[in-house]
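Structure record follows, encoded as structure tokens.
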Amino acid sequence: MSTDLLRVVLVDDHTLCRNGLTELLHHRGTIRVVAALGDPERVASVLQEHRPDLMVLDLRMPAGDGLSLLRRLRAEGCDTPALILTMSDSEADLAAALRLGVRGYLLKDMEPEEVIGAIERAARGEVTFAPAMTVKLAQLLQAGTTGNQRKGLLDSLTERERQILDHVARGESNKAIARTLDISHDTVKLHVRHILSKLNLSSRVEAAVFAVESRASGEG
């Protein structure tokens, strides 16, 4: 296999799901599943060994839930991007995942081609989530934030930060934004951190939806 394939680790306790998803991803031709495992205790060592572009993580596993695993990995300094793939459409699970900075949140009842495409986009650095979760995502962002407050937060951004937020809202990766704006990747990362801090958000997904909601309400 070519070394430029996107490298993905799957974490799901259901063997059928792991095997089926592995086959579908390999068939895509752009992704290599470097490990597929059902034991959360092995995840840290596998991530350290393979350094994948993305970890696709289930939430409900007998040996431990995915959010607790992700929380522990982050505390240990592991920054592997994570994408949630689950049966849970719980707003509480979505909120907890966003706070941990996941790259997206997918549901297992989505069409297989939709899931595969979303995983590929996430591995390339884009944010993605199940269409069924968009309303809940918007509700989470709107909770406790009035239109005036949201406008005030947007006004706190510099012109460059607002420009980068627009690109984030389109689901573009830091590398893609850097190419478009002719600035360094590290500069984009720094701007994104400042944007999240100023908007009181935890992830790119939240920032993207924040921007879209603000435009829809005429604030952006």
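The values are calculated or read from the model by the stated rules, or taken from the named source; none is laboratory data. As the structure is a computational prediction, the values presented were derived from the model and not from experiment. Neighbour counts run over all protein chains shown; Cβ positions are idealised from the backbone, glycine included.
Structure above, values below:
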read-out: Only one of VAL43, VAL34, VAL56, VAL8 that is more than 19 Å from the chain's Cα centre (by Cα) and buried (at least 17 other Cβ atoms within 10 Å of the Cβ); value: VAL34
read-out: Residue in the range 27-47 that is acidic (Asp, Glu), closer than 20 Å to ILE119 by Cα and modelled with pLDDT under 95 present; value: no
read-out: Any hit, the range 172-195, residues being at pLDDT 85 or above, surrounded by fewer than 16 Cβ atoms within 10 Å (Cβ to Cβ), of a type outside the set (A, V, I, L, M) and in contact with a Gly (Cβ under 8 Å, 6 or more places away or on another chain); value: yes
read-out: Of all residues making up the range 37-47, the number that are of a type outside the set (Lys, Arg) and without any contact (Cβ under 8 Å) to a residue 24 or more places away in the chain; value: 2
read-out: Helices (runs of 4 or more DSSP H) wholly inside the range 74-150 that include at least 2 residues being modelled with pLDDT of 85 or more; value: 91-99, 112-123
read-out: Test for ALA97: is it surrounded by fewer than 20 Cβ atoms within 10 Å (Cβ to Cβ) and over 27 Å from HIS27 (Cβ atoms); value: no
read-out: Identity of the residue in the range 62-71, under 17 Å from ASP13 (Cβ atoms) and under 17 Å from the mean Cα position of the chain (by Cα), that ends up surrounded by the fewest Cβ atoms within 10 Å (Cβ to Cβ); value: SER68
read-out: Members of the range 53-104 that are under 22 Å from ALA138 (Cα atoms) and in contact (Cβ under 8 Å) with a residue 60 or more places away in the chain; value: LEU85, LEU98, ARG99, LEU100, GLY101, VAL102, ARG103, GLY104
read-out: Residue list for the range 75-102, restricted to those being more than 14 Å from the chain's Cα centre (by Cα) and under 22 Å from LEU6 (Cβ atoms); value: CYS78
